């Protein structure tokens, strides 16, 4: 039984399938997500696959500052992803709403609506930072297992951490 | 064929004990070949296994308004019939078999595709229904050619028994039939350029859009087993007859691997065709060759 648990943990860590969701992004981060999957960065080496259906996904990648119209869609899609699941907020927009702060068309940031596990700040973040963020989310997912997803109390991780950033 | 050999073939070789690792290996070869063609490194060797185990550990969401039992039944039916098809392959010489096992093999190979059609419609998702309709149209197109090719091989050798077919020396007519079979395989295995039914991203995931967790794992497994069965069928027809069992196994595995490599290279080199182009390709371009093969087979049969 313990062996099966360890095997499952490894498999969850090694096989993160993504579903990419845009919540009113300017498309900058979306292009960087695609760049992370292209031959130059080759995210498939760590098992990452972009899936067409949220039912197949483990990790929800959200870009954009969460517009009012997108809130319902985000909640629906988050509920459609079967557990265990993790959420990666890609770019500065879902983390802080970025330059759109105080806009009346927004209802952000993202963690007001769904629990976020990893933030990948940047406008847009580099593709290698996105891959690092997804790998970190897969580790969190594997460690958490079938327990309920992170509540507001659990501290989300920021990738790359401040001390890793080269000046 | 008595009960023991039948069970041994179903469970050990070329059945489940061999076929499931082979299915994962072929899925890996497919992804790795695409990666290498694109100048990437690609997934690690164990990736299909990791994906399978991970999917087994996922939750199944509650789907409102859908008959749950049917949704669960289709992937299991697809896996068991694909495993049965693999078990019928006459890999080992002098192993037994029965008259007409070729027909049973063809029927079992067809069941996963029908299950996919049914699954798409019973999931009641609009994307599933589009995918199922496409799968049905594509399956009608390639199956005519596929069945005629098999029929021409069987008619030229005067038998529907797989082992007898594998034992007879290959005639030029059989090579024509094998080429026709190879042309049908990309459509049968849903890979580019005929990946219409599961068209990734275009219609979400086609018939499998609503599937999650262990059920999706079963679909992945049935897809892998279909790879093993379909390439294995061509490999047994193309392989020379060998009396040494280990040599026969080695030739079978090597030939299957070469076919998988060819198909993956084709898949990575092409883009998805539109539905009308696909249908026209099978009805206009390949049907002629298949009809040529069967008419010459029948002609030779009446002459002899």
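What the table below lists for this structure:
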| quantity | calculated |
| --- | --- |
| Candidates B:287, B:266, B:247, B:261, filtered to the one that is part of a helix (DSSP H, G or I) and surrounded by fewer than 14 Cβ atoms within 10 Å (Cβ to Cβ) | B:247 |
| Which numbered condition residue A:45 misses (of (1) within 17 Å of residue A:117 (Cβ to Cβ); (2) surrounded by fewer than 22 Cβ atoms within 10 Å (Cβ to Cβ); (3) within 12 Å of chain B (Cβ to nearest Cβ); (4) at pLDDT 90 or above) | (1) |
| Residue A:35 in contact with a helix residue (DSSP H, G or I) (Cβ under 8 Å, 6 or more places away or on another chain), more than 9 Å from chain B (Cβ to nearest Cβ) and surrounded by fewer than 18 Cβ atoms within 10 Å (Cβ to Cβ) | yes |
| Sole exception among (1) outside any helix (DSSP H, G or I); (2) surrounded by 19 or more Cβ atoms within 10 Å (Cβ to Cβ); (3) away from chain B (no Cβ under 14 Å) for residue A:104, by number | (2) |
| Test result for residue A:142, surrounded by fewer than 24 Cβ atoms within 10 Å (Cβ to Cβ), in contact with a helix residue (DSSP H, G or I) (Cβ under 8 Å, 6 or more places away or on another chain) and away from chain B (no Cβ under 11 Å) | no |
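The values are calculated or read from the model by the stated rules, or taken from the named source; none is laboratory data. Note that the structure is a prediction, hence the values are computed from the model and not measured. As a convention, Cβ positions derive from the backbone with ideal geometry for all residues, glycine included, and neighbour counts pool all protein chains shown.
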